[in-house]
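Read the structure below first, then the notes.
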Amino acid sequence: MIAIVDYGVGNLRSVAKALERVGAEVRVTSDADEISSADGVVLPGVGAFGKCMDNLRAAGLEDCVRSVAGSDTPFFGICVGMQILFDESEEFGPVKGLGILPGKVKRFARRTPDMKIPHMGWNQLQISERGRAPQLRGIPDGAFVYFVHSYYVDADASDLAASTTNYGRSFISSVWSDNIFATQFHPEKSQKLGLKLLANFAVMAGEPVP
Amino acid sequence: MLTKRIIPCLDVKDGRVVKGVQFVGLRDAGDPVECAARYDREGADELTFLDITASHEKRGIILDVVRHTAEQVFMPLTVGGGVRTEDDVRELLKAGADKVSINTAAVYDPDFVAASARRFGSQCTVVAVDARRRHYEGTSGHERPDTVPPPWAGTYPELLVNPEDRTGWEIYTHGGRNPTGIDVVKWCRRMEDLGAGEILLTSMDRDGTKAGYDIKLTRAISEAVAVPVIASGGVGSPEHLLDGLTVGKADAVLAASIFHYGQYTIDECKYFLSSRGVKVRS
């Protein structure tokens, strides 16, 4: 069973439906025991970084998320759910994140008048040279995925990058570190390739994906 | 590289697609979920539902449509039409919408946009703008209706048009019938300041004409704001999409009838745009 952490932010329905579509058993939950005992954990997140952190604490789930991320359980962060894994964000801040991964979250600078913020729409993944994360199996270099965000992860240790993407600069579009995988883009909104990525994750969580 | 987006728009009334979608091979062309799935297969980059349900009692139907769509189609979905309160936004997001577009309610209460952006994030707060030229080109005899100014007109006179100046564009409400006296360029900047994450810009002069987008309007707004702009109103051919994205500098183009009637598929439009040097998702 894959647990989707419900801490009062955003639309968890799309993530749940996408995982169910690929054949996974899913539970949307805010119960720490259920999350801790799940075979895989998804941490979604939309809106402001600080608000996501506040909500996570208010739900009493900060320690739970921290311990799952530090265990062997396959863990998948999405969008702001990826950002809060890092040290801090400058969004309405600096605001402290979970600090599980080293790096800071910064606002895109507008390089040209044509560069709009948020970075919204379909952009391409450059798969990192360090070796392909198992979650990215079957995802070709240059694949298009759906982004919507104004802040990006500027990782101190950019060797965590599973992929990078260009928007005025190169930024980390997915990270991979042991059991943790997280994407700045939305796999649940990225049509076939997004579902493929979620299926890969579900397989790692031991789900009987066809 | 970020690609330009092509967004089909479906008008939905009482849970049914109106404006006659004529797909070949669809079991039920009036079913928004089936149409959404079709556009998904054709390579649409996003999808927009415009709910034109008039009766208040039937407003809940769109939530079911959104729910069923979100179960089957894994692409970004924007829903607009009759969004008046934070609860309306919340219900649509909970049902599976990714973005909610606010139109008339923003004109009457701009703080609603700010409240939505604060509570749900700018990324899902789209402001839809219906614009008309102040100078009616080639429409002599067009009687200008009386202005219906918003309640805050006295507090923010800097957002209004100068009555003496007949250039530029003005915000209209009620499907392009009621002029508000609000200047479109200033309004879009204000909406951006209040937290709008995207502007859906419709030319009411061009809507339904198939004469192409109002390119001057599209370009004026695209250059005035830092958030993405979706051009809308008047598409009759792939060339119009090209003009909107290049000369008009829009980030995305919305169209309805050219896709519904099977005149052009989204793939065909993308192939054409790509051949003209526009970066689109293949």
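The values are calculated or read from the model by the stated rules, or taken from the named source; none is laboratory data. As the structure is a computational prediction, the values presented were derived from the model and not from experiment. With ideal geometry, Cβ positions are generated from the backbone for all residues, glycine too; neighbour counts draw on all protein chains shown. Quick note on the areas: whole protein, heavy atoms, side chains included, nothing else; ligands and nucleic acids left out. Shrake-Rupley method; radii C 1.70, N 1.55, O 1.52, S 1.80 Å.
Can you pull out the residues in region A:73-88 that are over 8 Å from the mean Cα position of the chain (by Cα) and not polar (S, T, N, Q)? Result: A:Pro74, A:Phe75, A:Ile84, A:Leu85, A:Phe86, A:Asp87, A:Glu88. When we screen A:Phe108, A:Phe92 for residues that are surrounded by fewer than 21 Cβ atoms within 10 Å (Cβ to Cβ) and closer than 17 Å to A:Phe185 by Cβ, the only hit is A:Phe108.
Quick one: in region B:223-238, of everything that is away from chain A (no Cβ under 13 Å), outside any loop (DSSP other than H, G, I, E, B) and small (Gly, Ala, Ser), which residue is surrounded by the fewest Cβ atoms within 10 Å (Cβ to Cβ)?
The initial filter retains those residues of region B:223-238 that are away from chain A (no Cβ under 13 Å), namely B:231-238.
If we keep only those that are outside any loop (DSSP other than H, G, I, E, B) as well, we get B:231-232, B:238.
The next check asks that each one be small (Gly, Ala, Ser); those that pass are B:231-232.
Numbers: B:Ala231: 35, B:Ser232: 30.
My answer is B:Ser232.
Kindly check whether there is at least one residue in region B:258-269 that is within 14 Å of another protein chain (Cβ to nearest Cβ), of a type in the set (Val, Ile, Thr) and touching a strand residue (DSSP E or B) at 6+ places or on another chain (Cβ under 7 Å). Yes, region B:258-269 has at least one match.
Only one entry in B:Phe74, B:Phe112 is farther than 13 Å from A:Arg13 by Cα and either more than 16 Å from the chain's Cα centre (by Cα) or not in a helix (DSSP H, G or I) (or both), namely B:Phe112.
For region B:204-222, the set of residues classified as among the hydroxyl-bearing types (Ser, Thr, Tyr) and either in a loop (DSSP other than H, G, I, E, B) or in contact with an Asp or Glu (Cβ under 7 Å, 6 or more places away or on another chain) (or both) consists of B:Thr209, B:Tyr213, listed by residue number.
Any idea which residue in region B:242-257 is nearest to the chain's Cα centre (by Cα), counting only those that are among the charged types (D, E, K, R) and within 14 Å of chain A (Cβ to nearest Cβ)? Working first, answer last.
So the first thing to find is which residues in region B:242-257 are among the charged types (D, E, K, R), and the list is B:243, B:249, B:251.
From what is left, the residues that are within 14 Å of chain A (Cβ to nearest Cβ) are B:249, B:251.
Values: B:Lys249: 16, B:Asp251: 13 Å.
So the residue we want is B:Asp251.
Answer yes or no: is there a residue in region A:124-140 that is facing another protein chain (nearest Cβ under 9 Å), buried (at least 24 other Cβ atoms within 10 Å of the Cβ) and under 27 Å from B:Ile7 (Cα atoms). No; the residues of region A:124-140 include none that is facing another protein chain (nearest Cβ under 9 Å), buried (at least 24 other Cβ atoms within 10 Å of the Cβ) and under 27 Å from B:Ile7 (Cα atoms). Is at least one residue of region A:141-159 open to solvent by 20 Å² or more (accessible area, probe 1.4 Å) and aromatic (Phe, Trp, Tyr)? Yes, some residue in region A:141-159 is open to solvent by 20 Å² or more (accessible area, probe 1.4 Å) and aromatic (Phe, Trp, Tyr).
Considering only residues that are closer than 19 Å to A:Leu195 by Cα and surrounded by fewer than 24 Cβ atoms within 10 Å (Cβ to Cβ), look in region A:25-43 and name the one that is farthest from the other protein chains (Cβ to nearest Cβ).
To start, the set of residues in region A:25-43 that are closer than 19 Å to A:Leu195 by Cα comprises A:25-28, A:39-43.
Next, from what is left, pick out any that are surrounded by fewer than 24 Cβ atoms within 10 Å (Cβ to Cβ): A:25-28, A:39.
Details: A:Glu25: 16, A:Val26: 13, A:Arg27: 17, A:Val28: 12, A:Asp39: 22 Å.
Taking the candidates together, the pick is A:Asp39.
Taking region B:61-77 as the range and being out of contact with any Ser or Thr (no Cβ under 7 Å at 6 or more places or on another chain), among the aliphatic types (A, V, I, L, M) and more than 10 Å from chain A (Cβ to nearest Cβ) as the test, the residues that pass are B:Leu63, B:Val65.
Among the residues of region B:1-19, which ones are in a loop (DSSP other than H, G, I, E, B), within 14 Å of chain A (Cβ to nearest Cβ) and not aliphatic (A, V, I, L, M)? Even if it seems obvious, please write down each step before you answer.
So the first thing to find is which residues in region B:1-19 are in a loop (DSSP other than H, G, I, E, B), and the list is B:1-3, B:14-15, B:18-19.
Right, trim to within 14 Å of chain A (Cβ to nearest Cβ) and you get B:1-3.
Residue satisfying the conditions is B:Thr3 alone.
All of B:Val107, B:Val89 fail the test of being open to solvent by less than 10 Å² (accessible area, probe 1.4 Å) and modelled with pLDDT of 95 or more, apart from B:Val107. Per the conditions (1) within 14 Å of chain A (Cβ to nearest Cβ); (2) touching a residue at least 60 places away in the same chain (Cβ under 8 Å); (3) in a helix (DSSP H, G or I), the sole criterion not satisfied by B:Ala106 is (1). State which residue is most open to solvent (accessible area, probe 1.4 Å) when the search covers only region B:267-282 and only residues that are touching a residue at least 60 places away in the same chain (Cβ under 8 Å) and within 15 Å of B:Gly244 (Cβ to Cβ). The selected residue is B:Lys279.
So that you can scan it fast, the table gives a plain yes or no per residue for (1) in contact with a helix residue (DSSP H, G or I) (Cβ under 6 Å, 6 or more places away or on another chain); (2) surrounded by fewer than 20 Cβ atoms within 10 Å (Cβ to Cβ); (3) of a type outside the set (Gly, Ala, Ser):
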position	(1), (2), (3)
B:Val33	yes, no, yes
B:Arg41	no, yes, yes
B:Asp45	no, no, yes
B:Thr48	no, no, yes
B:Ile52	no, yes, yes
B:His56	no, yes, yes
B:Arg59	no, yes, yes
B:Val66	yes, no, yes
B:Glu71	yes, yes, yes
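Give the number of residues within region A:44-61 that are in contact (Cβ under 8 Å) with a residue 12 or more places away in the chain and open to solvent by 60 Å² or more (accessible area, probe 1.4 Å). Break it down into steps so the answer makes sense when it comes.
Of region A:44-61, the ones in contact (Cβ under 8 Å) with a residue 12 or more places away in the chain are A:44-53, A:55-56, A:58-61.
After this cut, where a residue has to be open to solvent by 60 Å² or more (accessible area, probe 1.4 Å) as well, the list is A:51, A:58.
So the count comes out to 2.
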